[in-house]
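Since the structure comes first, as structure tokens, the remarks are kept for the end.
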Amino acid sequence: MTNNPVKREKFIGVIAIATFLVTCSITVGTLLAFRKHPSAIVTQDVPVSSNQVQSPVTPQSPPVVKPTNLNFTVPVQYQGKTVYKVQLNSNEKVIALTFDDGPWPKTTPEILDILKQNQIKATFFWVGQAIQANPDMAKRIVAEGHAIGNHTWHHWYKRMNQATAKSEIERTSDLIYKTTGVKTQLFRPPGGVLNNGLATYAKNQKNAVVMWSLTSADTDPRAKYQVFVKNVVKSAKPGDIVLMHDGGGDRRRTVQALPAIIDGLKQQGYKFVTVNELLEMKP
Ligand SMILES: [Zn+2]
């Protein structure tokens with residue numbers, strides 16, 4: 001039989017078809033085996049990121065920066081008292097930077113950026129009208145962990161009766177709370193005026209009337225910013241409360257002065273605290 005060339009060709013043909021069928025069945029079997037383990041294929045071949053894109057997306061709210069503190073209460077011994085600075089027995093080199101009359105467009109965010117770069121928390125004394133005009137900026141100040149004080153609604157210096165003084169302070173307190181959730185016992189009278197009815201009302205409500213022991217004099221319209229730097233850096237003492245302004249006028253020179261003020265104080269070894277942190281330190 002094998003000597004017959006036709007029959008030999010038929011035999012070879014059968015062998016070839018059989019080989020083809022066996023190869024096909026192995027291939028299909030292999031593919032089926034992989035289909036049983038699709039996850040193995042995915043993890044090997046599909047990048048994790050595209051896998052995440054394909055998976056159903058759970059809607060998430062943007063990350064919220066949670067302030068560490070929304071209640072700026074003061075220790076009992078400072079409630080109803082006027083404070084200029086804190087005399088520390090330890091002579092620990094701490095100092096409190098304060099900014100008045102904001103929140104204010106442009107200069108307040110610039111000051112916040114400088115404070116953030118230096119990891120410094122400061123204290124902001126707000127004017128009610130300014131909060132009303134710049135509520136988002138007020139929220140940012142609180143979100144970034146700074147302390148808040150009340151600086152009245154209109155920033156009036158004039159003598160006022162008790163009803164007006166109450167309105168100036170409580171209207172501002174209410175808006176601070178409605179805008180940011182903050183409650184504060186820190187009060188600073190506009191212009192540092194202590195005898196026009198405001199400070200008396202604030203003390204009766206157990207606030208601390210927070211003055212200052214060192215001023216940058218940054219409201220001087222003629223001085224160059226280098227003068228503000230010198231005013232603070234040359235005279236700083238432990239426990240000082242430093243007066244500056246982020247609002248109420250053109251405060252670009254305060255923004256210019258702030259990095260050098262911070263550097264000068266850091267070089268002297270100062271650490272920066274908020275006013276309520278300063279009041280909580282043991283005298
Ligand atoms: Zn002021």
Just in segment 102-143: which chymotrypsin sites (Phe, Trp or Tyr not before Pro) are loop by DSSP and have at most 16 other Cβ atoms within 10 Å?
none
Straight-line reach only, C-alpha to C-alpha below 17 angstrom: list the lysines that Lys166 could link to, leaving out same-chain residues fewer than 8 apart.
Lys158, Lys183, Lys203, Lys206
Length released on extending from Asp250 to His154, taking residue separation times 0.36 nm less the Cα-Cα span
32.8 nm
Spin-label pair Lys106/Lys282, simplified geometry with 7 Å Cα→Cβ offset, distance in nm
4.8 nm
Can you order the peptides 132-138, 239-245, 83-89, 101-107 by their average number of other Cβ atoms within 10 Å per residue, highest first?
239-245, 101-107, 132-138, 83-89
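Based on the alpha-carbon gyration tensor of segment 133-283 and its eigenvalue square roots a ≥ b ≥ c, which shape applies: rounded if a/c is under 1.5, prolate if not and a/b is larger than b/c, or oblate?
prolate
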Taking 0.36 nm per residue of separation and subtracting the Cα-Cα distance, what length does fully extending Asn118 through Ala143 add?
7.4 nm
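Throughout, read-outs are computed from the coordinates displayed, never taken from laboratory work. Note that the structure is a prediction, hence the values are computed from the model and not measured. With ideal geometry, Cβ positions are generated from the backbone for all residues, glycine too; neighbour counts draw on all protein chains shown.
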